[in-house]
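Read through the structure below, which is laid out as structure tokens, and then see the notes.
Read-outs: derived from the displayed coordinates by stated rules, not from any lab. This structure is a prediction, so every number in the text was calculated from the model and none was measured. We place every Cβ from the backbone using ideal geometry, glycine too, and count neighbours over all the protein chains shown.
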Amino acid sequence: MFSNKFLNIHKGLSQPFQRPFRGWKMRIYAVTSTLFLAFLLILLSTNHAYITTPSMYPTIPPGSMLFIESQPSYHVGEVIEFRANGLLWIHRFVGVRPNGSYITKGDNPQSTPDVFVPELTASDVVGRVTTSVPYLGFPELFVHSPRYALQWFQAELGLRGRLALFAVAVGLAILLLANKRKTPEVAPIVVDDDNLPKSQIDERREVAEPVAS
């Protein structure tokens, strides 16, 4: 029998609170999507390259992304991209031989002047490096050589970088947890059946009583 005078009809009222930090999720998704689209735009719309070896270290460490610009002529001291021995190279233009061929060398103190057969000429040069952005080339480097990229990424970060990255991760976690709230309890709506017509009381009994199977 239906004997309660009070009817709790708050079921479903707490549904809007099931997503306590939905706003933060949407912001994170928006920022991530924007960064991904910007990176994709860079890849598709620019002449760029990324460093895979330490031959230019420490001037340009592995994982850096370089932006290349073709020019009518090149000058000693510039970092250039060129084709030699079937590969693309990025080294510094350090001199010109008497026969007009170019002399190049990596900035790494352990590097020696490059030796190519045939010798490098102006027609082999793709362009001059105009901008170098550290870390931006790591995504492409990870795709081609994950283990090698991870080793250099850890080396480039160093202890301070790792601590800073850890601090950022902890801060983000704290921020998300701070915005997470428990589902609030919704006060039941009380209805006094004594003041209702008998027809409405019968309807409420049908809703409140479970249907026997």
Which residues qualify? For residue 51, with a placed amide H closer than 5 Å and at least 5 residues away or on another chain, they are 63, 64, 66
Name the residues whose placed amide hydrogens come within less than 5 Å of the amide hydrogen of residue 120, ignoring near sequence neighbours (fewer than 5 apart) on the same chain.
-> 102
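So if R0 is 30 Å, what FRET efficiency would residue 35 and residue 166 give, r being the distance between their Cβ atoms, rounded to the nearest 0.05?
Values: r = 20 Å, r/R0 = 0.68.
According to the calculation, E is roughly 0.90.
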Distance from the Cα centre of segment 55-72 to that of segment 118-150, in angstrom?
-> 6 Å
Quick one: which of 52-62, 68-78, 86-96 comes out on top by average Cβ neighbours within 10 Å, and what's the full order, highest first?
-> 52-62, 86-96, 68-78
Taking amide H positions as placed in the peptide plane 1.01 Å from N, state which residues far from residue 136 in sequence (5 or more) or on other chains have amide H under 5 Å from it.
-> 65
When N counts the residues of segment 29-158, how does its alpha-carbon radius of gyration compare numerically with 2.2 N^0.38 Å, as a ratio?
-> 1.14
Exposure proxy check on 107, 114: fewest-to-most Cβ neighbours within 10 Å is 107, 114
Would you kindly derive the ³J(HN,Hα) couplings of segment 63-77 from the backbone phi angles with the Karplus curve 6.51 cos²θ - 1.76 cosθ + 1.60 (θ = phi - 60°), listing them in order in whole Hz, with x for Gly and Pro?
-> x, 7, 9, 10, 10, 10, 10, 6, 9, x, 8, 10, 10, 4, x
